[in-house]
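Here is the structure we will look at.
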Amino acid sequence: MGATALSVSSCDDLLETAPRQSIALDTGLTDITGVRALLIGVYDRLQVNTYYGAQMMLAPDVMADNLRQTASNSNRYTFFQNNSFGTQLNRWAGNYGAINDTNLIIEAIANNTDPTVTAAEKARITAEAKFLRALLYHDLVRIYGYEPGKEVGGFNAGVILRLEPVTLKSEADFKARATNAEVYAQIEKDLTDAIAGFTTSNQTSWFRGNKAAAEALMARVSLYQAKWQQALDFSNTAIATAAARSKGLVSAANYAAAWTTLPNPESLFELNYVQATETLGANESLNSLTSDTYVGAWRDIVPTNTLFNLYEVNDVRRAMFYTATKGSEAVRFNKKFAGNQGVFTDNIPIIRLSEVHLIKAEAEAELAAGTEVSVAGLATLNNLRSRRDASPVVALTKADLINAILVERRLELVYEGHRFFDLKRRGLDIVKDPQVAAVNIPYTDPRVLAPIPAAEVNLNSKLKQNPGY
Amino acid sequence: MKKALLFSFVFVLALVTQAWAQNRTVTGRVTDAQTGEGMPGVTVQLKGTTTASPTDVNGGYEISVPSNGGTLVFTFIGYAKQEIAVGSQSTVNVKLGSDARQISEIVITGYGVQEKLEPAGSTARVSGATIENLPVQSFDRALQGRAAGVQVTALSGQPGGAINVRVRGQGSINAGNEPLYIIDGVMVASGQTSGQSSSNALSSINPNDIESMEVLKDAAAASIYGAQAANGVVLITTKRGKSGKTNFTFSGQEGVVERIKKLDVTTAAEFAELRIEALYNQYFDIYGPTVPTNPVQDTRTYTRNLAIAAHGDPATVKNTDWQETIYRKGRLRTYDFSANGGDEKTRFLLSASYNKQEGQILKSDFARATARLNLDHKVNDRLSFLANISLANTKQNGNIADGAFINSPQFSAPLILPNQPVYREDGSFNAPLAGAFSYNILQNTLLELRQAVTNQTVSSFKAVYKVAPGIFVSALAGVDFADTQDDNYRDPRVPQFAAIGGQATNINRRTLNWNSNVTLNYNKTFAELHNFSALVGTEYREETRETSTAQGEGFPSGQFQTLASAANPKAVSGTYTTYKMGGIFTNLKYDLGEKYFLSGTLRYDGSSKFGANNRFGLFYAGAVAWALNREAFLANATYLDNLKLRLSYGVTGNSNIDNFASLGLLGSGPNYTGTSGIRPSQLPNPDLTWEEAKTLNLGLDWSFFNSRVSGAVDVYRRNNERLLLARQLPTDTGFGSVWENAGVVLNEGVEVELNTVNVDAGGFKWSTNFNVTFQRNEIKELYGGLQNIGTGLRVGQPIDILWYPEYAGVNPADGRPMYYDSLGNITYTLRARDSKVTGQYLPKTFGGLANSFQYKGLSLDVFFQGSFGSKTLNNNSYFMANSAGTTYNQTRDQYTERWTTPGQITDVPRPYGGGTEPNTSGVFNFSTKQVEDNSYIRLKQLTLAYNLPQTLISRAKLTNVRVFVQGLNLVTWTGYSGLDPELLFNEIGTYPQGKQYSGGLSVSF
């Protein structure tokens, strides 16, 4: 009883323990199964409610003029709606966590010498990691920095670039922000590599990174930099790559059904949610925030009347809205996120083909010489509109056409996280909707850029805060 | 009864030695001076030798003495020591009187039992008698205000809820600051046991089973526990049996629990008025007199209609007081039974208890049944066994633990919009409600099950073998095993859970924590002057915690609440964690005629938590003491009972960090497309090692006039060095922090204990026990020369400061909220740089004052406890005092004090929709507006008791009958505006303390 025959020399053995829910950081990725699992982890990171799960989809519309909160609400988007000083999308820590994952994956694949791992798989994993890293960096740089050429007061800081994995504390050094142009260059480099790495045969599903999605993202990134020709080229290749896999714009008749089809036929990259394990529930899901499909939903986010009135009566996208009351207020909910994957759960498209067509249209419109109205751009735009049962646009000037495309982006991409960034990349002021009673935000206002988390700036003297914060 | 309870096996055993080399025998009988009964187990010792003998079951003894007789010393714990010169007598009969002073002076240090007069360390003692029959669920709460240097804060008013104990401030920034608890030799796991509501692992022990609680505060007292001792050690000793007639005690008590206060919030009409103004102010600012709707509308009419649509017309709207729906008068009851007795060889204490306490908030309660058997058996003169077996079953119902949760009754009830009735006209619950507080809180509180059932044992076994006179080997094995099942059921009748058809979650938690030690003791007195003792030992401890979780959704109806009825199995998960530690230790003590004392301790410990390179640590302490009263120059000071100076220095360790903190980890958890993934969760630090606390202590004990005035002053300085610090990393690395040994935190303070018997005449006795602690905490160093980490940790400031901008009130001209910027100028837009130190959470002073009045059988105990110099952020008021910026109900000052007219001086801004006036930071900022002083004095306990006269009860063959009434938390004096000033950090949805009244009866026979 109780006799602990213990000597110091044997103590070390008696003190051995090992965790069971974790594996070692230094050796866990030498095996391909660890790398595969880590890649799964990156997709998981996109799903949280502060990212594509909800905020990245809704806040850009609420911060601008597409969506608003109902009078009675859960207060989740009040500060976004009021553009309260200091409240902005905050993806700093979250995105860099995922970026480190991608860095680890890229390095682990480069170092993998297991002969049973095929070259095709290695290429695909690296391409997926680079595609994801590009997406993560682009979201960071559009949240925290001005687009190249659109700087206010010459402020051209982008974000910190980390392309090597951190596995030791000695590697966790302090870095300064790269310029916005440097960050964009890196994003393009990653996308170029990803596009080259993806083949049609190694593509797994639309729920994972793939060639068409990488090309589409390259088109989007080009659009943000006003590299119109490049935007046009990559939107064309993305459309072609998608077409090769029998993917095209859906018809007006099939538009509503597309949103209940998994994946959405227009999705080039869609975030999949398994209801049992991944639902964001009544508290945080897009479904709960934007519709009343299920009892107990928040039903907080509705379109502004201004947006709704932009739809033509026959536009199938108008029919996605339906009237309801919340408390005593007459409102409209939307069927884009109607709980199609189960209770409070939907798949979330991150890049849809219609966005690529709109990028193409905008690039074409911009590429027209002088003040010419681009015939191609108008055709691209009207092609999309015809698939929504909207009447063709008749543009009189180049500016009209570009405006029409921007309006079309509101109509097509509402609830998908674009409006705020569309205004920003074009240097436009935010004109708040009369229904929200808030002051307008000029493009030069500091609030157009999100504040870098104060703790980071405090810690890292090389890290410059954005102006005004 | 009392002497039985105070009997200590180890103490007696350590002194029982064979007599040798003497030539005649003295016999006699020892009796209780009060009752005349024979006293078994009294130690009779020949002074200056190790010759000793215990009395038998009748109090008789026999001892060999030298031919000249010598002096016999009669000792029994709780009784005054008597010395009698034998001379030529062959029979020496002695009457021992109980000694209240001596009861309080017996302390247990380290792995032995000693009198307080000997050790040079700083300890505080709370006797079981002090907390007897107090309706508290865990003994740690009973320490509050009773021991100098020990800061006890109830983290929740939930019955059986969490308690925070800090001994001498806060030494660690990121590692745990909880002391080590040892119950009868078992190092127990403390902390929360359940995720369902605030809970406490220590609540499995019935406080009435406790004989004494000792808090070892300085290094000299605690360093024998080495690596776990940096935050102090709390030793709990339970009551033991006594040989002789079996004694029975039964006690029972019943009472009520009710809320201390309710928040004063706006009525529905007042809130509707606020919102009418708020929307008007907002819309008028943006659009002027007309709103650009199509067609344009008059702003005043438009906003009034908007507000009335949502909140009702102030003229007609009906008010609901949601707070009234969730509070109640709870019932409390406790029943205790104990029996103790035995013979010369075997003694036992058997106890059983049942305690049930309802909280003042619906559905929260705590029920506990305990059983204990403490057994002592002497096999022969050399070998003895001792066993402590305790079993407890606790069942706790509660609500979601403290935080800003909309399904928390205490948080949401004051915030729910009051224009909404609880029930619809048809009698059904009105749910969901409008706005952020969408739960009908009465419905959810009634229908949601948050239950934790724990079965726990804290048991130990010990064997002691006498190798030779003065040399003992003892071995102890102790186990603290707890199985907890958490049950959470979210009822489909609650709208938020209707779509999923209800949800049940079961979490099974298992904690197995055991320790074992072997020690060798040696005691010897040379030349009747040099007392020497030595201890060497080795100890091993292992703790494993496992959980498994299963969740299911889709129940046929709210009647079905177990997973068996769930249509959709959901998440299944589990956790596992463990650590091991082992060490060897030695302690040497010497004193010269109990005048000069020397003591030294060494301990070498290893822990699995630390990096492979730095697993082991050496801890040590040294102490000296000087009993001035034994010096010749004070020989004439007959009023002096004791006057002792103590000085100690030592190093103890802290390892209260995550069990795998030194490893680089890829953790499981992520999921995508039905595949599970992994994620880096932690960077490695193979050099990670112990945090060290270096404590210097200077103390003075005194006792005058036959202990009419006694007390102690201790001055300490503790430097925690090589802190276990979560070094902040730039998050662009993908990691938030890494564990490192860096930084220094200083704690220093003065502790004063003063005990006086103010009046003791004519059967009336008034005594006072007072203690006060002044403490200071300062971060001396961080890492890499950094002056601050984030905003909260700053060199030169205490740990846990409040770092907020200063609120400057309201601009009298326009009603906008103003703040001071970093330069002290008025600003409307706050920047990060405008924040500054606005207070500290750690109280600067705390203490307790107990007055006891006794007259004949009647006694009155009045106990005050207080805490001063701390500030808190009233985080509740961020939600409740924001000028109706959002649709949460507001505290009434937001209505009565609001700015309405130019020139008005007030602190409450004009109501404003959204809370943010154009181009200002608005009201939604933490600032000194929410920072409040939470100092308080509380009438913590008032007990009136009557012991029926012996003459009356002895006829009924009873030995003691006591009736009592008592109250807890009866009155609170504080300037704090929130629910409860007893806070460790911020008030945010905290379950407040309740007020208790109870009455009971205790009978012994």
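Rule-based calculations on the coordinates, nothing more; no lab input. These numbers were taken from a predicted model, which means no experiment stands behind them. Every residue, glycine as well, gets a Cβ built from its backbone with ideal geometry; the counts of neighbours run over all protein chains shown.
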Pseudo-spin-label distance B:A567 to B:W973, built 7 Å along Cα→Cβ, given in nm, is 6.2
The distance between the Cα centres of the range B:306-333 and the range B:441-518, in whole Å, is 38
Would you mind checking the tilt of helix B:268-287 against the longest principal axis of the Cα atoms of chain B, expressed as 0 to 90 degrees and rounded to 10?
50
Normalising by the residue count of the range A:148-201, find the relative contact order in percent from Cα pairs under 8 Å and 6+ residues apart.
38
For a quick size check, give me the Cα extents of chain A along its three principal axes, largest first, whole Å.
89, 51, 46
Give the relative contact order (percent, whole number) for chain A; include only Cα pairs under 8 Å separated by 6+ residues.
19
Compute the distance from the alpha-carbon center of the range A:326-354 to that of the range A:102-181, in whole Å.
32
Among B:151-162, B:695-706, what's the highest-first ranking by average C-beta atoms within 10 angstrom per residue?
B:151-162, B:695-706
Can you pull a Stokes-Einstein diffusion coefficient for the protein assembly as shown at 37 °C (0.692 mPa s), Rh from Kirkwood over Cα pairs, as a whole number of µm²/s?
92
Please arrange A:M56, A:M218, B:M818 by how many other C-beta atoms lie within 10 Å of their C-beta, fewest to most.
B:M818, A:M56, A:M218
Computed over the Cα atoms of the range B:296-399, what is the ratio Rg over Rh, Rh following Kirkwood?
1.55
Using helices alone, I'd like the mean residue ellipticity at 222 nm for chain B: each DSSP H run of four-plus residues gives -39500 (n - 2.57), total over residue count, nearest 500.
-2500 deg cm²/dmol
Describe numerically, in nm with one decimal, the distance between label points set 7 Å from Cα along Cα→Cβ at B:F532 and at A:A379.
10.8
Unit charges on C-beta of K, R, D, E only; dipole of the range B:134-249, Debye:
260
For the range B:590-672, what is the per residue volume of the convex hull drawn over the alpha-carbon atoms, in cubic angstrom?
121
Selected from B:L830, B:N393, B:G38, residue furthest toward positive end of dipole (the protein assembly as shown; charges at beta carbon):
B:G38
Env charge @ B:K47, Cβ radius under 14 Å, K,R +1 / D,E -1, value -2
For chain B, calculate the relative contact order in percent as a whole number, restricting contacts to Cα pairs under 8 Å that are 6 or more residues apart.
11
Let's test the formula: R0 of 25 Å, r as the Cβ-Cβ distance of B:T27 and B:K595. What FRET efficiency results, to the nearest 0.05?
0.15
Which distance in Å, rounded to a whole number, links the C-alpha centroids of the range B:606-629 and the range B:288-304?
75
Would you mind calculating the gained length between B:L640 and B:K318 on full extension (0.36 nm times residue separation, minus the Cα-Cα distance), in nm to one decimal?
108.7 nm
Given the pairs B:K81/B:K644; B:K239/B:K694; B:K47/B:K239; A:K424/A:K462; B:K239/B:K345; B:K466/B:K580, which are separated by over 24 angstrom at their Cα positions?
B:K239/B:K694; B:K47/B:K239; A:K424/A:K462; B:K466/B:K580
With the calculation restricted to Cα positions, what are the radius of gyration and Dmax of the range A:196-301 in angstrom?
16.8, 48
So if the hydrodynamic radius of chain B is defined as the Kirkwood radius over C-alpha pairs, what does Stokes-Einstein give as its diffusion coefficient at 4 °C and 1.567 mPa s, in µm² per second?
41
Lys and Arg at +1, Asp and Glu at -1: add these up for the other residues within a Cβ distance under 10 Å of B:R892 and post the number.
-4
Over the range B:834-919, the quotient of the Cα radius of gyration and 2.2 N^0.38 Å is 1.84
Hey, rough spin-label estimate for B:S1004 and B:A612, points 7 angstrom out along Cα→Cβ, what's it come to in nanometres?
6.0
Sites A:R245 and A:R20 - FRET efficiency at Förster radius 30 Å, r taken between beta-carbons, to 0.05
0.10
Cα axis of helix A:92-111 to longest principal axis of chain A: angle in degrees, 0 to 90, nearest 10?
60
One can check that the equivalent ellipsoid of the range B:201-360, built from the alpha-carbon gyration tensor with semi-axes equal to the square roots of five times its eigenvalues, has lengths in Å, largest first, of 67, 25, 9
Between helix B:299-311 and chain B: long-axis angle, C-alpha atoms, 0 to 90°, nearest 10
40
Consider all pairwise Cα distances in the range B:727-828 and report the whole-number % of them above 24 Å.
60
Going 7 Å from the Cα of B:Y335 along its beta-carbon direction, which residues of the range B:370-401 have the amide nitrogen within less than 15 Å of the resulting point?
B:370-371
Let me understand the range B:606-721 better: what is its radius of gyration from the alpha carbons, and its Dmax, in angstrom?
25.4, 88
Where does the range B:533-597 land on the Kirkwood hydrodynamic radius, alpha-carbon pairs, in angstrom?
17.4
